[in-house]
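Let me begin by presenting the structure, written as structure tokens, before commenting on it.
Every number here is computed from the coordinates shown, using simple stated rules; none is lab data. None of the values given here were measured: they were computed from a predicted structure. Positions of Cβ are generated from backbone atoms using ideal geometry, with glycine treated the same way; all protein chains shown enter the neighbour counts.
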Amino acid sequence: MARVTLGGGLRPPSDGRHPTSSGSSLPPPGSRSARAEPALGAPIIRLGAVDSTQTHAATRAANGAADGTAVVAETQTAGKGRRGRVWHDIPGASLLMSLVVRSSLPVAQLPLLSIAAGVAVAEALSAIGVREPRLKWPNDVLVDGRKIAGVLLERHGDAVILGIGVNLDARAIPAELRAQATCVAEAGGGPDRDALLAGVLDAFARWRGRLEGEGFEPVRERWTSLADTLGKRVSVDGIVGIAEALDVDGALLVATERGPSRVLAGDVVAG
Ligand code: BTN
């Protein structure tokens, strides 16, 4: 059986690409229409129900979608989480988006885009009033230790599809996950989904630009300043110790009883 992961926020729109905070709500669930908005940069494609925005964005990418194309849906019937999990949602209760990224980074560094995305989501949530979003390695966003947003990076050909899911209100959280998850409404954030979308797009464009232009160090420093994981005793796929740092390649450095260990992938739990 598939494990269920959690379905899951600012600035006002700053350019013609971003959705307006007053108007463009998503179409109703089940709507089959997709509309591409005129954009300063790449389009925002708004869908009603879709299997997964990841799959939809990957198809668009294969058909030549421009770098930065954003696919946003009201609900997903087969939402994908990290490590093969299912991403649960209730129509309208989450921000569900996937970005087509055609990066100039070397292939080996593409996973760093997901770290940059985590930073961007945390900053965007903060900008709409969410209290102290923090990052759990590699890219979960937490508030008070409970997950509010997740990031999924997939490679399709020469494109990266970066998926972001944010819990907007409590309906997005299945009953059995209430203790582990929170949402924008509970964490002090404003209800405007389009403002959050605009904030995520702005912040990701900024951090991605720095990553590609200056290298990982600025992203690593910002991630570290927002980290929930560091300094804690953790267990990650059998490695137990104190999480000490985000390494220069995005690995988690853990101080174990047998010495330092580098974790490249996995789920962090309290150790
Ligand atoms: C995680 O497991 O934390 C990552 C979750 C990513 C979910 C988002 S929702 C929008 C996009 N479409 C998907 O199917 N998954 C991502």
From the C-alpha coordinates alone, can you work out the Kirkwood hydrodynamic radius of the chain, in Å?
18.4
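Kindly provide the Kirkwood hydrodynamic radius of segment 25-184 in Å, to one decimal, from all pairs of distinct alpha carbon atoms.
Here the Kirkwood hydrodynamic radius works out to 15.9 Å.
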Return the loop-located trypsin sites (Lys or Arg not before Pro) in segment 233-268 (DSSP other than H, G, I, E, B) with at most 15 other Cβ atoms within 10 Å of their own Cβ; answer none if there are none.
Arg258
Ordering of 177-185, 133-141 by packing [mean C-beta count within 10 Å, highest first]:
133-141, 177-185
For the pair Glu212/Asn63, report the inter-label distance in nm, with labels modelled 7 Å from Cα in the Cβ direction.
2.3
Can you tell me the FRET efficiency between His156 and Ser235 if r is taken as the Cβ-Cβ distance and R0 is 35 Å, rounded to the nearest 0.05?
0.65
So which GluC sites (Glu not before Pro) in segment 215-260 end up in coil per DSSP with only 14 or fewer other C-beta atoms within 10 Å?
Glu257
Which length gain, in nm to one decimal place, applies between Asp169 and Asp247 when the Cα-Cα distance is subtracted from 0.36 nm times their residue separation?
24.7 nm
Cα Rg over Rh - segment 100-182, Kirkwood:
1.03
